[in-house]
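Below is one structure, written out as structure tokens, with a few remarks after it.
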Amino acid sequence: MLGLKLPTDPRWVNIVEKNIEEILTDHAYCEQKAASTAISLIIGFPEKSELVKEMTALAREEMGHFNMVHDKILKRGWVLGRERKDEYVIELMKFFPKGGSRETHLVHKLLYAALIEARSCERFRLLSEEIQDKELADFYRNLMVSEANHYTMFLAFARKYGDKKEVDQKWQALLEHEAELMKNLGKKETMHG
Ligand SMILES: [Fe+2]
Ligand SMILES: [Fe+2]
């Protein structure tokens, strides 16, 4: 699914179910970070008009998701906690060497974003299928569709702004790296943990 090389162990959902407050808190910040990434692409590459248009729409959509998660937190009588560290994203983003041209930097940012969307989509699907809480199952089913579209968009932009063959090679290498990381994950009540 989505090109991912290693599926999440479904037992991850059992861990999540024991701490809904924690997963919702972490999830809220995933949406905020997705919006921040979209904004940073606008700031970094203002001359790419098509990208700017799409990232403007995406930043709004992701903050819409943030708002939905925030409402779920409030509805359950909780208050949004502090940001959780996303070790998965931190490790993932060490893969491509720093430096290089602006175009290379753009391609790398787009590929990271595509992969984070793909993995989030896979996690949302798992939650929608396995979580006992009916309201959350429906919630995650709807979000899963959005994230799948984002994954496709980021990958298409990477192929548009980079050399297609080179981008495809980098994408495969990143997928392999991510699968290695995933071997040690799926054990925490965070969206990518
Ligand atoms: Fe989102
Ligand atoms: Fe997204």
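The values are calculated or read from the model by the stated rules, or taken from the named source; none is laboratory data. As the structure is a prediction and not an experimental result, all values here were calculated from the model. Cβ placement follows ideal geometry from the backbone for every residue including glycine, while neighbour counts extend to all protein chains displayed. Surface accessibility is based on the protein's heavy atoms, side chains included, excluding ligands, DNA and RNA. Shrake-Rupley method; radii C 1.70, N 1.55, O 1.52, S 1.80 Å.
A few remarks follow.
- Over region 1-133, accessible surface divided per residue gives 50 Å², non-protein components excluded, 1.4 Å probe.
- Calculated mean residue ellipticity, 222 nm, the chain: -25000 deg cm²/dmol, from DSSP H runs (n ≥ 4) at -39500 (n - 2.57) each, averaged per residue and rounded to 500.
- Calculated FRET value between Ile43 and Lys183, using beta carbons and R₀ = 30 Å, to 0.05: 0.30
- Most mobile listed residue (Ser128, Ser36, Ser101) in the chain, GNM with C-alpha springs under 10 Å: Ser101
- All alpha carbon pair distances within region 101-180 were sorted into 10 Å bins beginning at 0; the resulting P(r) in whole percents reads 20, 41, 25, 12, 2.
- Selected from Gly64, Gly81, Gly100 as most flexible by GNM, with the chain as the system and alpha-carbon contacts under 10 Å: Gly100
- Peptides ranked, highest mean first, by Cβ atoms within 10 Å: ranges 89-96, 103-110: 103-110, 89-96
- Full-stretch length increase - Gln169, Asn19 - with 0.36 nm per residue and alpha-carbon distance subtracted: 50.1 nm
- Of the residues Leu6, Val145, His177, the one whose Cα sits farthest towards the positive end of the charge dipole of the chain is His177 (charges of +1 on Lys and Arg Cβ, -1 on Asp and Glu Cβ, taken about the Cα centre).
- Ordering of 139-151, 49-61 by packing [mean C-beta count within 10 Å, highest first]: 139-151, 49-61
- Between Val79 and Arg141, the modelled labels are 3.5 nm apart [label points 7 Å from Cα along Cα→Cβ].
- Of the cross-linked pairs Lys53/Lys98; Lys75/Lys170; Lys72/Lys164; Lys5/Lys164; Lys72/Lys98, those separated by over 32 Å at the C-alpha level are Lys75/Lys170; Lys72/Lys164; Lys72/Lys98.
- Average Cα contact separation per residue, region 11-183, under 8 Å, 6 or more apart, as relative contact order %: 22
- Shown here is the pair-distance distribution of region 124-164: with all Cα-Cα distances grouped in 10 Å bins from zero up to the longest one, the shares run 30, 32, 21, 14, 2 percent.
- Whole-number D in µm²/s for the chain (Stokes-Einstein; Kirkwood sum over Cα pairs; 37 °C, 0.692 mPa s): 192
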